[in-house]
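What follows is a single structure, written as structure tokens, with notes after it.
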Amino acid sequence: MGKLKTAFVLLTIFSHQVNADCGCNKLDRDASVAERVDELPAQQVCQQQARNKNKHYRDYYPEETEEEIEGMSLIPGGSQYIGTDEPHFIADHESPERLVKFNDFYLDKYEVSNANFAKFVEATNYTTEAERFGDSFIFKTLLKPEQQEELKDYRVANAVWWYKVSGVSWRRPNGIDSNLEGLEHHPVVHVSWRDAVAYCEWAGKRLPSEAEWEVACRGGKQRKLFPWGNKLMPKDKHWLNIWQGDFPDGNTEEDGYPFTCPVDQFRQNNYDLYNIVGNVWEWTADLWQAGDTSPSPNRVKKGGSYLCHKSYCYRYRCAARSQNTEDSSAGSLGFRCAKSV
């Protein structure tokens, strides 16, 4: 990536909670970057809490027998409410609540891991968009102080804790000096929507629609905030991987994970789904704006990530949603696959 030159002046960072987030929706490929440190406004944002192994709920399967697919859960068709009439982020179009009808479908129990994505790449010789562009976005605490200073001109203008870094990709998820050792079972990140579609097609699957994703997230429960219910920490246990402490500098890591966790770490509902909220954002098939025919339209992503907390980025609710352009990639963005019955 050549030296970026930007004519953009920093926009005012939104401080009102209705519009606030951790900047994940600003990580589009053409995101403006900050050029002068003295223009960067002070900002305080996220916080949170996270997770642990949880297996309190029994597995749920419909009485009708369907073919079992390894690593996938059968989500029984029917009617279910999605969205909410009590939106937390008006601008995200979380409302209104609406009833959707859907057929049986399968959904991966786990987010696609680095190990599985590596099999795809080896079989197809696929090159991700981050690798072709030569850069991707990583969170500030993955960089040493001297690296943060060196790359200060490459921060996202409205989310200065995100850096666009040359050489970062799914192979080097935590910086140019990183690798996948010890991260084989963590979710693959730095994958664009198009990368996710390519993987799903290779696997004989597809991305879930937003409605399918949300139906699966709710685990057969109606009008609940989270896959398991309304309480964030039932039995005082962590049920998901989100930020703990003061964002963006004070992650207390109470769960033992400063960033992503293994894809099989948190079982979250009766459909035997893991990390469907928290850990990493997940791409869905849907356009953010219906009928968008631009070269790289925004696509809906769901689930929040390890950078979320109720005090700022309360997007690990089933009804929450956000977006990025199809060619965007970042260290908090992954996916899981669906399959029609």
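Here, each number is a calculation from the coordinates, and none is a lab measurement. Remember, it's a predicted structure, so these values are computed and weren't measured experimentally. Note that we place each Cβ from the backbone using ideal geometry, even for glycine, and neighbour counts take in every protein chain shown.
Distance from the C-alpha centroid of the stretch 274-341 to that of the stretch 107-122: 17 Å, rounded to the whole angstrom. Proximity of backbone amide H atoms, modeled 1.01 Å from N, is registered between Asp135 and Gly167 at under 5 Å, excluding neighbours fewer than 5 places apart on the same chain. Near Ser332, the amide H atoms lying under 5 Å from its own belong to His190; only residues 5 or more places off or on other chains count, and H is placed 1.01 Å from N. Three semi-axes describe the equivalent ellipsoid of the stretch 24-340; taken as square roots of 5 times the Cα gyration tensor eigenvalues and ordered largest first, they are 30, 22, 19 Å. Placing dummy labels 7 Å off each Cα toward the beta-carbon, the span from Asp30 to Val341 is 4.3 nm. For the stretch 261-273, backbone phi angles converted through the Karplus equation (6.51, -1.76, 1.60; θ = phi - 60°) give residue-by-residue couplings of 10, x, 5, 9, 7, 10, 7, 10, 7, 5, 8, 6, 9 Hz, Gly and Pro being listed as x. Computed from backbone phi, the HN-Hα couplings of the stretch 326-338 come to 4, 9, 6, 8, 6, x, 10, 10, x, 5, 9, 9, 10 Hz, rounded to whole numbers (Karplus: 6.51 cos²θ - 1.76 cosθ + 1.60, θ = phi - 60°; Gly and Pro given as x). Amide H contacts under 5 Å for Ala285: Ser209, Glu210, restricted to partners 5 or more places along the chain or on a different chain, H placed in the peptide plane at 1.01 Å from N. Using a Förster radius of 41 Å, what is the FRET efficiency between Glu67 and His185 based on their Cβ-Cβ separation? Nearest 0.05, please. Step by step, r from the Cβ atoms, then E = 0.95.
Within the stretch 103-143, the chymotrypsin sites (Phe, Trp or Tyr not before Pro) that combine a DSSP coil assignment with at most 14 other C-beta atoms in a 10 angstrom radius are Tyr126. The distance between label points at Thr124 and Asp236 comes to 4.7 nm (points 7 Å beyond Cα on the Cα→Cβ vector).
For the pair Arg223 and Glu253, label points projected 7 Å from Cα toward Cβ lie 4.2 nm apart. For the set Lys26/Lys144; Lys205/Lys302; Lys26/Lys205; Lys144/Lys237; Lys26/Lys152, the pairs lying more than 21 angstrom apart at their alpha carbons are Lys26/Lys144; Lys26/Lys205; Lys144/Lys237. Selection among Pro187, Thr284, Ile82 by position relative to the dipole of the stretch 24-340 gives Ile82 as farthest towards the positive end (Cβ unit charges, Cα centre). Annotation for the stretch 214-298: trypsin sites (Lys or Arg not before Pro) lying in DSSP loop with at most 12 further Cβ atoms inside 10 Å of their Cβ are Lys231, Lys237. You can think of it this way: the chain between Lys152 and Ile90 has 19.1 nm of extra reach, that is 0.36 nm per residue less the Cα-Cα gap. For the stretch 241-306, the Kirkwood estimate of the hydrodynamic radius, built from every pair of different alpha carbons, is 13.8 Å. Which shape class applies to the stretch 279-341: rounded if a/c is under 1.5, otherwise prolate when a/b exceeds b/c and oblate if not, where a ≥ b ≥ c are the square roots of the Cα gyration tensor eigenvalues? Prolate shape, in that a/c is at least 1.5 and a/b is the bigger ratio.
Any chance you could tell me what percent of the C-alpha pair distances in the stretch 106-249 go past 25 Å?
44 percent
In a reduced charge model with +1 at each Lys and Arg Cβ and -1 at each Asp and Glu Cβ, the stretch 24-340 shows a dipole moment near 720 debye about its Cα centre.
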